[in-house]
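Right, one structure below, let's go through it.
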Amino acid sequence: MKTIAFYGSSLLSSYWNGAATYYRGLLRDLAGRGYRITFYEPDAFDRQSHRDIDPPDWARVRVYPATPEAMRAVVAEAAAADIVVKASGVGVFDDELLEGVTAAARPEAIRIFWDVDAPATLAEMRGDPGHVLHRAMPALDLVLTYGGGPPVVSAYEAFGARACIPVYNALDPETHHPVAPDPRFAADLAFLGNRLPDREERVQTFFLVAAARLPERRFLLGGSGWEARGLPLNVRHIGHVSTRDHNAFNVSPLAVLNIARESMAAVGFSPATRVFEAAGAGGCLITDAWEGLGLFLKEGEEVLVARDGRDVADHVAALTPERARAIGEAARRRILSEHTYARRGAQVDAIFREEATRKAAASFERSVA
């Protein structure tokens, strides 16, 4: 029960791929626990020309052409693994990959669907009786999710999941940690996020409204897709920010802003990777309000919470460098204590072991029946 075949979007590139840090933190920890991991990622969406890490020594990465023939070839390799994981949001051949790897896996292997965007997936399932997950669910042993808490667990169980377990984002202190400020990212408030349909209105509400209310302050916007968007004069857009620059991006401004996508905010219990990255670097984080935040950070002491752009502007206007530093340091202590990928890896390792024991017992019962 030590080999994992993991079919995901990309381990090597975070370009239009917000799950990269999550994959890296979890899989690196699992490798340290003795798991041998092969990560299968398609050569798609120009990610391979935007790699921000080299192939790691803790996982074998198989980059395959985004063609039906190459997809079928990597699907067949699922038969060699003890644990087969199909993640959501690969972007090409998602349906074929899910059905293919669950069929190719050996009977004793653990079959997992790992959902890194549960609100979107569940909305699709509600609207489409023919969704691939409705067909695949009986063959799955587990559904693991990037977040979502009780609402997501209940929804997946209602769709027939044998078990649904959230495995939240976390911090890898080896990759996200305090660094010296970088003048490139100097600002009073910075926000990092790609322009997405269910995020844009909330960026307007929380970030751009705040910028308009504080014309004398400096605002910094990182992420792809904002080039064509009209921005206030005090907002500087810098495009895609590589993961190697995230630490500096988080510590250089007075504060950094987290804005959950609309679907994630509605479900709650879905802290973005950005929350842990900012806390790990010791940055002062302002976040929009969402249910479950208190499981991760304490409002007013470890994080500042805003209900709209007026609140964001008020926080920025009142914030001193001393208080910002105190909030960032408190957040870092909390996250290091309770929310590292070492803790998440231990959780996932326990899940795998328990599921292997359950499957072995069920197989034995069938053999003696």
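The values are calculated or read from the model by the stated rules, or taken from the named source; none is laboratory data. It should be emphasised that the depicted structure is a prediction, and the values quoted were computed from it without experimental measurement. Reconstructed Cβ throughout: ideal geometry from the backbone, glycine too, with neighbour counts over all protein chains shown. Ligands, DNA and RNA are excluded from the accessible area calculation, which covers all protein heavy atoms including side chains. Shrake-Rupley method; radii C 1.70, N 1.55, O 1.52, S 1.80 Å.
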For the chain, just say rounded, prolate or oblate: build the C-alpha gyration tensor, square-root its eigenvalues into a ≥ b ≥ c, call rounded for a/c under 1.5, and beyond that prolate if a/b exceeds b/c, oblate if not. prolate
The alpha-carbon center of segment 275-349 and that of segment 180-250 are separated, in whole Å, by 18
Heavy-atom surface of segment 30-121, accessible at 1.4 Å and reported per residue (Å²): 41
How would you rank 288-294, 219-225, 201-207, highest first, on the average number of other Cβ atoms within 10 Å across their residues? 219-225, 201-207, 288-294
Any lysines whose Cα falls less than 27 Å from that of Lys86, other than same-chain ones fewer than 8 residues away, would be Lys2, Lys359
Among rounded, prolate and oblate, which fits segment 235-330 when a ≥ b ≥ c are the square roots of the eigenvalues of its C-alpha gyration tensor, a/c under 1.5 means rounded, and a/b larger than b/c means prolate? rounded
With the full set of protein chains in place, find how many percent of the accessible area of the chain is carbon and sulfur; take the probe as 1.4 Å. 53
Taking R0 as 25 Å and r as the Cβ-Cβ distance between Asp314 and Ala266, the FRET efficiency 1/(1 + (r/R0)^6), rounded to the nearest 0.05, comes to 0.55
Please say if segment 1-88 is rounded, prolate or oblate, where rounded means a/c under 1.5 for a ≥ b ≥ c the square roots of the C-alpha gyration tensor eigenvalues, and otherwise the choice is prolate for a/b larger than b/c and oblate otherwise? oblate
